[in-house]
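One structure below.
The values are calculated or read from the model by the stated rules, or taken from the named source; none is laboratory data. What you are looking at is a predicted structure, and each value in this text was computed from that prediction instead of being measured. No Cβ is skipped: glycine too gets one built from the backbone with ideal geometry, and neighbour counts run over all protein chains shown. Remember, those area values only see protein heavy atoms, side chains included, never the ligands or the DNA or RNA. Shrake-Rupley method; radii C 1.70, N 1.55, O 1.52, S 1.80 Å.
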Amino acid sequence: MLGTSEALDAITARFAAIERLTAANGSSWFEPRRRQAMERFVALGWPTPRQEAWRYFDLTPLRRTAFHYVRDTERSHIGHEALAPFQVHCLPGAQLVFVDGYFEPALSTARNVPAGVVAGDLASALGARRPLLEAHLAQHAAFESQPFVALNTALLHDGACVVLPRGVAMRDPIHLLWLSTASQGPIVSHPRTILILEPQAELTLVEDYVSLGTESHFTNPVTEIVLGDGAVLDYYKLQRESRSAYHVGAIEVHQSRDSSFHSTSIAFGGSRTRNDLRCLLDGEGASCRLHGLNVIADAQLVDDHTSIVHARPHCTSHEIYKTILDGAAQGVFNGAVFVAKDAQKTNSRQENRNLVLSKEALMNTKPELQIHADDVKCSHGATVGELEADALFYLRARGIDTKTARRILTYAFANDVLERIRLEPLRKTVESDLFHFIPVGQEADAPC
């Protein structure tokens, strides 16, 4: 992705290669949509800091890196031992593994998947499940306004496809492990996940992005989620890629009547990370709960944009996002809640809390409310602060050293997001990672 012209040439070549591939695997029905997305990406161009939505996310370092696409013949073949550092201990259920954007059946397991449930790769589903995918794939993820969603849609070639039939409640979770190797230099991948829960279906899904090694790579995932009437999804996203990785991801959720969406996003890794999460509450009685925790240091940047649209009456949304910053890290939170004119009896609450541990760290937060109905209950708030001197003094007075005291208080700040992780093996993994990554800030500036 060197200059604009070179980058576009590489994208065009990749687009042509995927066209030839889809003509051979029975997914040519998707070509008109793919072409629309490509045309839209060319029209939108690369985002710049002059655009408000990209004001703090400078793409220059990403553009200066000559990322290349991994062809099918160049795929890295790794063994199970390479996955060991990224396993969630004691996590039951199916695990689908993707390496550099390609599904790896030899590394995946489909244990405890009930009959009738689809849990596999998107490349196969594009040919075999056209009627189902035609109604949903690229129908909810807004590539018309989002250039990286358009790019993902134009270059879509593989990913995950999960479909639960009406009334099926899966007891065990599904774990999607997205692994980037960058073994042949900086690579770019565009993973795509389509998740469809038919009415009254229930599922827990974990999307986990990791790096094998420390080489630079660029991951541009899009997850499209469709929840039917009364469907329930407990969704987790972990971003624990290397400190040289770039990650620009989008999650698009369409909710029908009385559906429930619980999301928890945890980010430790990446050099520059952008997360867009958009929920459309499009059925009466639908609800969503969005939780986020970022722990960043050095020169890391995490840029979170959430959007919740209350389009129908009697819907609820609760949101809490937290960021812990150390070193010269930068955080961005932009949370928008939109209440349509007919969305009476809406109940919405949004919180953004941030803990800054060094003088060089910077947090920009911008909660937004747009209310067009008159019978609603909505609130929002944002804070940016440091560790409390009184709390530090209290711990020091009981014989706890400064470093440990700061670590305890920082951990406590994160805890109300951690305790919302209802999948116990995952919560223990995240707690362990957090304890490893958690910064203590500038001890010299500590008040005690």
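The condition (being at pLDDT below 95 and not basic (Lys, Arg)) is satisfied by just one residue among Leu126, Leu176, Leu164: Leu126. Here Arg129 clears all of (1) in contact (Cβ under 8 Å) with a residue 40 or more places away in the chain; (2) within 28 Å of Arg75 (Cα to Cα) except the condition numbered (1).
Considering Pro425, Pro439, Pro367, the condition of being open to solvent by less than 60 Å² (accessible area, probe 1.4 Å) and more than 22 Å from the chain's Cα centre (by Cα) is satisfied by Pro439 alone. When you check Ala414 against the structure, is it surrounded by fewer than 20 Cβ atoms within 10 Å (Cβ to Cβ) and of a type in the set (A, V, I, L, M), yes or no? Answer is no for this residue. Considered as a group, the residues in region 236-255 that are surrounded by fewer than 22 Cβ atoms within 10 Å (Cβ to Cβ) and either outside any loop (DSSP other than H, G, I, E, B) or hydroxyl-bearing (Ser, Thr, Tyr) (or both) include one that is farthest from the chain's Cα centre (by Cα), and that residue is Ser244.
Can we say Val337 is closer than 21 Å to His262 by Cα and in contact with a strand residue (DSSP E or B) (Cβ under 6 Å, 6 or more places away or on another chain)?
yes
How many residues are assigned to a loop (DSSP other than H, G, I, E, B), buried (at least 22 other Cβ atoms within 10 Å of the Cβ) and in contact with a Lys or Arg (Cβ under 7 Å, 6 or more places away or on another chain) if we restrict to region 173-211? Matching residues across region 173-211 total 1.
The condition of being in contact with a strand residue (DSSP E or B) (Cβ under 6 Å, 6 or more places away or on another chain), closer than 24 Å to Ile421 by Cα and open to solvent by 10 Å² or more (accessible area, probe 1.4 Å) does not hold for Ala160. If you check Arg272 against the conditions, is it within 25 Å of Val295 (Cβ to Cβ) and of a type in the set (D, E, K, R)? Against the criterion (within 25 Å of Val295 (Cβ to Cβ) and of a type in the set (D, E, K, R)), Arg272 qualifies.
Strands (runs of 3 or more DSSP E) fully within region 331-446 that include at least 2 residues being touching a Pro at 6+ places or on another chain (Cβ under 9 Å) and farther than 29 Å from Ser242 by Cα: 377-385.
Just one of the numbered conditions (1) within 20 Å of Thr73 (Cβ to Cβ); (2) open to solvent by 50 Å² or more (accessible area, probe 1.4 Å) is not true of Phe103: (2). In region 218-235, the qualifying residues are those that are of a type in the set (Gly, Ala, Ser) and surrounded by fewer than 24 Cβ atoms within 10 Å (Cβ to Cβ), and the one that is nearest to Ala169 (Cα to Cα) is Gly230.
Screening region 317-330 for residues that are in a loop (DSSP other than H, G, I, E, B) and either more than 16 Å from Pro439 (Cβ to Cβ) or of a type in the set (A, V, I, L, M) (or both) and picking the one that is nearest to the chain's Cα centre (by Cα) gives Ala329. Among the residues of region 300-307, at least one is within 21 Å of Asp58 (Cα to Cα), touching a Cys at 6+ places or on another chain (Cβ under 9 Å), of a type in the set (S, T, N, Q) and without any contact (Cβ under 8 Å) to a residue 60 or more places away in the chain. Residues that are of a type outside the set (Asp, Glu) and surrounded by 22 or more Cβ atoms within 10 Å (Cβ to Cβ) within region 310-321 comprise His310, Arg312, Cys315, Ser317, Tyr321, listed in sequence order.
When the residues of region 65-94 are filtered to those that are open to solvent by 40 Å² or more (accessible area, probe 1.4 Å) and of a type in the set (S, T, N, Q), which remaining residue is modelled with the highest pLDDT? That would be Gln87. Of the listed requirements (1) over 26 Å from Gln255 (Cα atoms); (2) of a type outside the set (S, T, N, Q); (3) in contact (Cβ under 8 Å) with a residue 24 or more places away in the chain; (4) in a helix (DSSP H, G or I), Ala123 misses just one: (1).
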